[in-house]
Ligand SMILES: NC(=O)c1ccc[n+]([C@@H]2O[C@H](COP(=O)([O-])OP(=O)(O)OC[C@H]3O[C@@H](n4cnc5c(N)ncnc54)[C@H](OP(=O)(O)O)[C@@H]3O)[C@@H](O)[C@H]2O)c1
């Protein structure tokens with residue numbers, strides 16, 4: 001398939017990796033719709049790419065998801081591609097940092113229940129005679145959990161299981177189910193939330209690479225050395241590996 005003349009929805013499309021996809025796909029001649037919670041960020045993205053269409057939608061809120069698809073229908077917009085990209089990460093030590101139960105639900109909903117609900121809407125509105133793409137943005141924390149990010153790790157692992165289940169359910173259809181595991185890429189999530197000071201991938205460059213891989217038929221794309229290493233550690237020495245990951249990640253994000 002070629003990413004041209006498609007109608008694409010990107011959640012969290014105003015910033016970081018999502019905006020990287022938006023820029024590339026708009027340039028390639030697709031109709032690109034972005035969503036997010038912050039209208040100022042959505043408008044700023046549209047200022048840079050006037051062809052972008054945006055809708056405010058909090059993907060942790062089931063009513064806002066239903067409303068988004070009602071608005072798309074009203075506007076006569078039929079999607080061919082959805083990027084479940086919006087995501088949130090936390091640093092949470094359960095012994096010392098109590099957080100509100102609502103925060104726990106919001107984060108898990110953003111990374112897991114929201115993408116599942118969006119995907120169901122997407123499938124129901126799709127033209128089943130056309131090729132349709134569901135692209136879930138995963139993380140290395142879904143390969144091996146990062147213990148200091150327990151909600152992020154568990155919700156993204158859930159997304160990984162949902163993606164695999166969906167791929168089997170939709171096997172004999174024109175729905176393609178893709179999972180992407182980005183390397184450390186420049187965004188608020190890495191530079192602010194994770195305080196990552198190492199060399200980061202450029203979101204525009206990385207997302208173009210992903211688009212090319214999907215065009216060539218790839219269903220799972222996890223190009224980083226870390227992803228390969230974690231896959232090996234998970235098989236070879238899972239328990240020791242988890243302790244090592246905990247030690248290294250605490251050192252990186254808590255210093
Ligand atoms: N950057 C990396 O190195 C990296 C590595 C692995 C995986 N990822 C994954 O890549 C995806 C994009 O992250 P990023 O790195 O580009 O970070 P980012 O710039 O912080 O982007 C996150 C986006 O999600 C949106 N979002 C967050 N909560 C939302 C909610 N409840 N409803 C709707 N939108 C929401 C944010 O917009 P609003 O705040 O305006 O809603 C923002 O546009 C995430 O799923 C992340 O887990 C990133």
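Quick grid of which residues meet (1) in contact with a strand residue (DSSP E or B) (Cβ under 6 Å, 6 or more places away or on another chain); (2) surrounded by 17 or more Cβ atoms within 10 Å (Cβ to Cβ):
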position	(1), (2)
168	no, no
172	no, no
177	yes, yes
181	no, yes
187	no, yes
190	no, yes
193	no, no
198	no, no
210	yes, yes
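The rows are residues; the columns are (1) in contact (Cβ under 8 Å) with a residue 40 or more places away in the chain; (2) farther than 17 Å from residue 156 by Cβ; (3) touching a strand residue (DSSP E or B) at 6+ places or on another chain (Cβ under 7 Å); (4) surrounded by fewer than 23 Cβ atoms within 10 Å (Cβ to Cβ).
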residue	(1), (2), (3), (4)
80	yes, yes, yes, yes
88	yes, no, no, yes
96	no, yes, no, yes
100	no, yes, no, yes
108	yes, no, no, yes
111	yes, no, no, no
114	yes, no, no, no
Exercise. Mind checking which residues of region 66-102 are within 27 Å of residue 252 (Cβ to Cβ) and within 19 Å of the chain's Cα centre (by Cα)?
Worked result: 84, 85, 86, 87, 88, 89, 90, 91
Exercise. Which one of these is surrounded by fewer than 17 Cβ atoms within 10 Å (Cβ to Cβ), within 13 Å of the ligand (Cβ to nearest atom) and modelled with pLDDT of 95 or more: 51, 47, 40?
Worked result: 40
Problem set entry | Single condition residue 24 does not satisfy, out of (1) out of contact with any strand residue (DSSP E or B) (no Cβ under 9 Å at 6 or more places or on another chain); (2) at pLDDT 95 or above; (3) more than 17 Å from residue 178 (Cβ to Cβ) | (3)
For this session: For region 157-165, indicate whether the set of residues that are closer than 25 Å to residue 30 by Cα and surrounded by 16 or more Cβ atoms within 10 Å (Cβ to Cβ) is non-empty.
Result: yes
For this session: Collect the residues in region 77-117 that are closer than 18 Å to residue 169 by Cβ, near the ligand (Cβ under 10 Å from one of its atoms) and part of a helix (DSSP H, G or I), keeping them in residue-number order.
Result: 115
Seminar exercise, completed: So, first residue over 19 Å from residue 56 (Cβ atoms) in region 15-26, second residue more than 6 Å from the ligand (Cβ to nearest atom) and part of a helix (DSSP H, G or I), Cβ within less than 6 Å, six or more apart or across chains; the pairs are 17/203; 20/203; 20/204; 20/207; 23/204; 24/207; 24/208; 24/211
Exercise. Do we find that residue 141 is surrounded by 16 or more Cβ atoms within 10 Å (Cβ to Cβ) and either within 14 Å of the chain's Cα centre (by Cα) or more than 9 Å from the ligand (Cβ to nearest atom) (or both) in this structure?
Worked result: yes
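Condition check ((1) more than 7 Å from the ligand (Cβ to nearest atom); (2) assigned to a strand (DSSP E or B)) across all residues:
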{"residue": "171", "(1), (2)": "yes, no"}
{"residue": "177", "(1), (2)": "yes, yes"}
{"residue": "182", "(1), (2)": "no, no"}
{"residue": "191", "(1), (2)": "yes, no"}
{"residue": "195", "(1), (2)": "yes, no"}
{"residue": "209", "(1), (2)": "yes, no"}
{"residue": "212", "(1), (2)": "yes, no"}
Exercise. How many residues are surrounded by fewer than 13 Cβ atoms within 10 Å (Cβ to Cβ) and part of a loop (DSSP other than H, G, I, E, B) when one looks only at region 220-255?
Worked result: 2
For this session: Of all residues in region 144-169, count the ones that are away from the ligand (no atom under 14 Å from the Cβ), under 27 Å from residue 247 (Cα atoms) and not in a loop (DSSP other than H, G, I, E, B).
Result: 2
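The values are calculated or read from the model by the stated rules, or taken from the named source; none is laboratory data. Note that the structure is predicted; figures quoted are calculated from it, not measured. Note that each Cβ is placed from the backbone with ideal geometry, even for glycine, and that neighbours are counted across all protein chains shown.
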